[in-house]
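Here is the structure we will look at.
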Amino acid sequence: MAASEPTTTSAPGTSMLPAARVRRIVKEDKDIFACGSDSLFLISKATEYFVESLVREAYEFSRLDKRKTVQYKDTAKAVQSIEQYDFLGDIIPMTVAPKNPAAGKTQSNR
């Protein structure tokens, strides 16, 4: 990481994600009976690391296009090209350019 790139870190023992929100998401899984606060904290930290990793990879694709802003297509390229993110292929697909409806019109349609 370059020295000019800002990093966001939380204090030891804290998470950037709200514990109540993480608990609500975990409770949506009917297979989980109970989840202690230590487990919720670890889930939060793992999620932070995962998101940071995905964003770093997407940022590299934006840099290859000589941009500083990460766009959807950068994230989709990261998911498409890095095996670690294969499970996100259906959730973050590559974008398809819309068809031009005017191109399909012919002289006989008038």
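What follows is calculated from the coordinates using simple rules that are stated; it is not laboratory data. No experiment lies behind these values; they were computed from the predicted model shown. Heads up, the Cβs are rebuilt from the backbone with ideal geometry, glycines too, and the neighbour counts pull from every protein chain shown.
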Residues (part of a helix (DSSP H, G or I) and over 15 Å from residue 94 (Cβ atoms)) located in segment 63-77:
63, 64
Kindly evaluate residue 32 against the criterion of being free of Cβ contacts under 8 Å to residues at least 12 places away in the same chain and more than 15 Å from the chain's Cα centre (by Cα).
yes
